[in-house]
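Structure first, then comments.
The values are calculated or read from the model by the stated rules, or taken from the named source; none is laboratory data. The structure displayed is predicted, hence computed values, not measured ones. Glycine also receives a Cβ, built like all others from the backbone with ideal geometry; neighbour counts cover every protein chain displayed.
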């Protein structure tokens, strides 16, 4: 599945997760189901970040990260406005998110943040613990755009 656009991967995952999540809610309640789903998705995102880092012989800085994460946008999944790119900082706004649109179509808007947005920081952790993500708003959360601000921090 490495060659599939991430949007398609997330759709496949969501189709599998939806009935499992519904059963967890019925058995455990919404709050506990969300906690379990978040933990599972974030644990997997750390693993995926480590695999991303291991997939290249380039330095694990933000320039390389930007190149390696281009699959996020394949299939017109994200419309981005670039703001800054360097080995130490990567900043952009997402002004259209087909992930949010897809989860809404699937009736999963209430967990879309867990399935996509929430995993981004954990992916960074797995890729390089010195990469941090600051994001104050998302389209999935109802904002006009997502503000991605990645930074290399010496202390991780």
Mind checking whether some residue in region 4-16 is farther than 26 Å from residue 68 by Cβ, touching a helix residue (DSSP H, G or I) at 6+ places or on another chain (Cβ under 9 Å), touching a residue at least 12 places away in the same chain (Cβ under 8 Å) and in a helix (DSSP H, G or I)? no
Residues in region 27-37: is at least one crowded, with 16+ Cβ neighbours inside 10 Å and either modelled with pLDDT under 95 or over 27 Å from residue 69 (Cβ atoms) (or both)? yes
Would you confirm, using the coordinates I've provided, whether residue 40 is within 21 Å of residue 140 (Cβ to Cβ), surrounded by 16 or more Cβ atoms within 10 Å (Cβ to Cβ) and either modelled with pLDDT of 90 or more or touching a strand residue (DSSP E or B) at 6+ places or on another chain (Cβ under 8 Å) (or both)? no
Quick check on my filter: what residues within region 87-110 are in contact with a strand residue (DSSP E or B) (Cβ under 9 Å, 6 or more places away or on another chain) and in a loop (DSSP other than H, G, I, E, B)? 87, 88
Here the qualifying pairs (Cβ atoms under 6 Å; residues six or more apart or on different chains; first in region 131-156 and over 19 Å from residue 96 (Cα atoms); second part of a loop (DSSP other than H, G, I, E, B)) come out as 132/153; 152/88; 152/130; 153/130; 156/129; 156/130
Within region 22-71, restricting attention to residues that are touching a residue at least 24 places away in the same chain (Cβ under 8 Å) and part of a loop (DSSP other than H, G, I, E, B), which residue is nearest to residue 150 (Cα to Cα)? 61
Name the residue, out of 74, 80, that is touching a residue at least 12 places away in the same chain (Cβ under 8 Å), in contact with a strand residue (DSSP E or B) (Cβ under 8 Å, 6 or more places away or on another chain), closer than 25 Å to residue 131 by Cα and not in a loop (DSSP other than H, G, I, E, B). 80
Condition test on residue 52, is it buried (at least 18 other Cβ atoms within 10 Å of the Cβ) and either more than 20 Å from residue 117 (Cα to Cα) or touching a helix residue (DSSP H, G or I) at 6+ places or on another chain (Cβ under 7 Å) (or both)? yes
